[in-house]
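Nothing in this text is a laboratory measurement; each read-out follows from the coordinates by a stated rule. Keep in mind the model is a prediction, meaning the values are calculated, not measured. For neighbour counting, all protein chains shown are included, and Cβ atoms are generated from backbone atoms with ideal geometry for every residue, glycine included.
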Amino acid sequence: MRGTMSLTQVRSVAIRTNVRSTWQWVGRGVLWLATAAWGLFALVAVILTITGGWGDGRGTGYAVGGLLFYTVPFAGLVTWTVLDWRRFHRRVRDQGVVPER
């Protein structure tokens, strides 16, 4: 009988699937938390740049550098988060499960 699995193999596959699913949810949570935190940092950098509040008066180099340091990675995180959101909802839709809203 080709293509059959023993009970031990089925259990092993189930355990691996559960572990993988858990790590996917942990990764998704870390991604969303990092995006939210970095968004807050980027917002503070924009406000400091607009108000001229970088403090030590060393010029616009620090203001532009700080702004770029926070907004460029934030743009990448937002892109990654949107792609993750779309992938998650596409998977839910393909499985025939309607997410709660």
Pick from VAL13, VAL72, VAL30: which residue has the top mean-square fluctuation in a GNM of the chain where Cα pairs under 10 Å get a spring?
VAL13
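Calculate, in nm to one decimal, what PHE41 and VAL13 gain on full extension: separation in residues at 0.36 nm each, minus their alpha carbon distance.
Gain on stretching PHE41 to VAL13: 5.9 nm.
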With a cut-off of 19 Å, note down the residues of the range 66-91 whose backbone N falls inside the zone around a label point 7 Å from the Cα of ALA34 toward its beta carbon.
68-88
Taking Cα atoms, the helix 7-51 axis meets the longest principal axis of the chain at an angle in degrees (rounded to 10) of 10 degrees
In Å and from the alpha-carbon atoms only, list the Rg and Dmax of the chain.
22.1, 78
